[in-house]
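Worksheet: one structure, shown below.
Bear in mind that the values in this text are calculations on the coordinates, not laboratory data. The shown structure was predicted, so the numbers you read here are calculated from the model rather than taken from an experiment. Counting neighbours? That spans all protein chains shown, and the Cβs are built from the backbone with ideal geometry, glycine included.
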Amino acid sequence: MGRSALWGLVIGTLLMSALLMSGLVLSSPDDATATSVVATLIASGMMGVVMGGVPGTLVGLVVGAIRHRSRPPALPPRPPTLLPPLPPLPPVNDRWAAMVGRCELSVRRVAAAVTTVPPSPARAWLERIVAQFAAELPDVRRIADLGRALGADQAHPVAARLNTAVHDFTSFEDEVGRVALQLLNQTSLDAVRTHLEVLEQQLPHLGKS
C-alpha cells in the first residue's frame with residue numbers, strides 16, 4: 001500500500017504540475033522571461049502537489065488496498081512430518097546369541113578337525129557323523145529364538161534346554177577330537193570301527209529330545 005500511495009503522489013503531482021505550467025505559459029506568452037519561467041515552475045509544483053499529489057495519493061491508497069485484499073492469504077508453514085519411531089533392534093549380543101555362537105563354534109572346530117584326517121573309509125564315516133552334527137544347529141537357533149521371545153530367565157526350561165545343548169555340543173567336540181587323533185595313526189576302518197560307532201551314538205539329537 002505504501003508503494004502505491006507514493007506512486008500516486010508522484011504521478012498526480014507531475015501531471016497536475018505539467019497541466020498548470022502549460023496553462024500559465026500559454027496565458028502569458030509575451031512575458032516569458034527567465035524569472036517568470038522559474039516562478040511558473042515553482043507555482044506549478046506547489047499547486048501540483050496540492051491539486052494532483054494529494055488526490056493521487058488517495059487513489060494510490062485505494063488501489064493498494066484493493067490489490068492487498070485480492071492477494072490470497074499466505075498459508076501457514078506446514079508442520080514437520082513426524083515419522084513413526086523405529087522399532088528397537090533385537091539384541092544380537094544377548095546370552096541366547098552367545099550360547100548359539102558356542103554351538104556354532106563347536107561345529108566349525110569339528111569340521112576343521114576332520115580335514116586333518118587322511119582320506120579313508122574311516123574319514124568318510126566321520127564326515128557323515130559331522131554332517132549330522134551340523135544339522136542340529138537349526139534346532140539350537142530355534143530354541144534360542146523361543147527363549148528370546150519369551151524373555152526367559154536362567155530358571156526357565158528353555159534356558160535349561162539350551163544350556164544342555166551347549167554342553168552336548170562341547171562334549172561331542174571333545175569326542176571328535178579323540179577319534180580324529182586315532183584316525184591319524186589308524187586309517188583302517190576295522191581298527192577304529194568301535195570308536196566311530198560310539199561317537200555316532202553320542203550325537204546330540206535336539207529335535208528328538
Expressed in nanometres to one decimal, the distance between label points 7 Å along Cα→Cβ at Ser120 and Arg108 is 2.9 nm
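May I ask you to compute the full-extension gain from Arg142 to Thr164, defined as 0.36 nm times their residue separation minus their alpha-carbon distance, rounded to one decimal in nm?
Going from the current span to full extension adds 6.5 nm.
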Taking only the alpha-carbon positions of region 107-209 as identical scatterers, the Debye log10 I(q)/I(0) at q = 0.10, 0.20, 0.21 Å⁻¹ comes out as -0.32, -0.93, -0.99
Region 144-158 scanned against label point 7 Å out from Asp94 along Cα→C-beta; backbone N under 11 Å for 144-153
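Of the peptides 179-192, 97-110, 151-164, how do they stack up when ordered by the mean number of other Cβ atoms within 10 Å, highest first?
My ranking of the peptides, most packed first, is 97-110, 179-192, 151-164.
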